[in-house]
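Peer 1: Please find one structure pasted underneath; my questions will follow.
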Amino acid sequence: MTPKYREIETALRARIADGTYPPGTALPSEEALAAEFGVTRPTVRAGLAELRATDAVTVIAGRGMFVRDPELTALRRERDVAWEMANREKDRAADAHEQLAAALELRRADVEGYDRALTNATNRAQQVEAALDRVRALAAELEAEGATATAARIRKALEQ
C-alpha cells in the first residue's frame with residue numbers, strides 16, 4: 001500500500017504535468033490539501049517536501065508554495081553542474097600551479113647550489129694556480145742560487 005504522502009505527491013505532480021497547476025501558479029494551502037485528501041497537515045507537508053526535493057515547487061515565505069518552470073529548473077541544474085565543474089577545474093589548476101611553483105623553487109635552489117659550487121671550485125682553482133705560481137717562482141729562485149737539481153725535481157713534480 002502506498003503511503004498517503006506519496007499519493008499526495010503523485011496527484012500534485014500529475015496536476016502540474018497536465019497543466020492544472022502551470023509554472024508560477026500557487027498550490028492550494030496545506031489546509032485545503034489536507035481537507036481534499038482527508039489527511040493531517042504533517043502528511044501534506046511530507047508530500048510537498050517530496051515535490052520540493054525535486055525542485056518541482058518552491059516556497060516563498062509568507063506567500064505560499066509555487067510551481068517551478070521545469071525548463072528553468074533544468075537550466076538552473078545545468079548551470080549549477082557547470083559551475084561545480086568550473087570550480088573543480090579551478091581547484092585543479094590551482095593545485096597544478098602550486099606544484100609547479102614548488103618544483104620551480106626546488107630548481108632555483110638547485111641552480112643556486114650549483115652556482116655556489118661553481119664559484120667555490122673557481123676560487124679553489126685560482127688559489128691552486130696561485131700556489132703553483134709561487135712554487136714555480138721558488139724553483140726559479142733555487143735554480144738562480146745554483147740548486148738546479150732541486151729546481152728540476154720541483155718542475156718535474158709540477159708536470160705530473
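The values are calculated or read from the model by the stated rules, or taken from the named source; none is laboratory data. None of these values were measured; they are calculated from a predicted model. We place every Cβ from the backbone using ideal geometry, glycine too, and count neighbours over all the protein chains shown.
Peer 1: Let me confirm something: among ASP115, ASP133, which residue is under 40 Å from the mean Cα position of the chain (by Cα), charged (D, E, K, R) and either surrounded by 10 or more Cβ atoms within 10 Å (Cβ to Cβ) or outside any helix (DSSP H, G or I) (or both)?
Peer 2: On the way: ASP133 fails: under 40 Å from the mean Cα position of the chain (by Cα).
Answer to the check: ASP115.
Peer 1: Could you list, ordered by first residue, the pairs with Cβ atoms under 7 Å in which the first is in segment 55-70 and touching a residue at least 40 places away in the same chain (Cβ under 8 Å) and the second is of a type in the set (Gly, Ala, Ser) and assigned to a strand (DSSP E or B), at least 6 apart or interchain?
Peer 2: From segment 55-70, the pairs are PHE66/ALA26.
Peer 1: Could you check, for segment 47-63, whether at least one of its residues is in contact with a Lys or Arg (Cβ under 7 Å, 6 or more places away or on another chain), surrounded by 12 or more Cβ atoms within 10 Å (Cβ to Cβ) and hydroxyl-bearing (Ser, Thr, Tyr)?
Peer 2: The answer is yes, given that some residue of segment 47-63 is in contact with a Lys or Arg (Cβ under 7 Å, 6 or more places away or on another chain), surrounded by 12 or more Cβ atoms within 10 Å (Cβ to Cβ) and hydroxyl-bearing (Ser, Thr, Tyr).
Peer 1: Related question: Can you name every residue in segment 57-79 that is assigned to a helix (DSSP H, G or I) and at pLDDT 90 or above? Lay out the reasoning, then the answer.
Peer 2: Pass one, segment 57-79, residues assigned to a helix (DSSP H, G or I): 70-79.
The answer is ARG79, and nothing else.
Every residue, every condition in (1) part of a helix (DSSP H, G or I); (2) closer than 19 Å to ARG76 by Cβ, yes or no:
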position: GLU7; (1), (2): yes, no
position: ARG15; (1), (2): yes, no
position: ALA32; (1), (2): yes, no
position: GLU36; (1), (2): yes, no
position: THR43; (1), (2): yes, no
position: LEU48; (1), (2): yes, no
position: ARG52; (1), (2): yes, yes
position: ASP55; (1), (2): no, yes
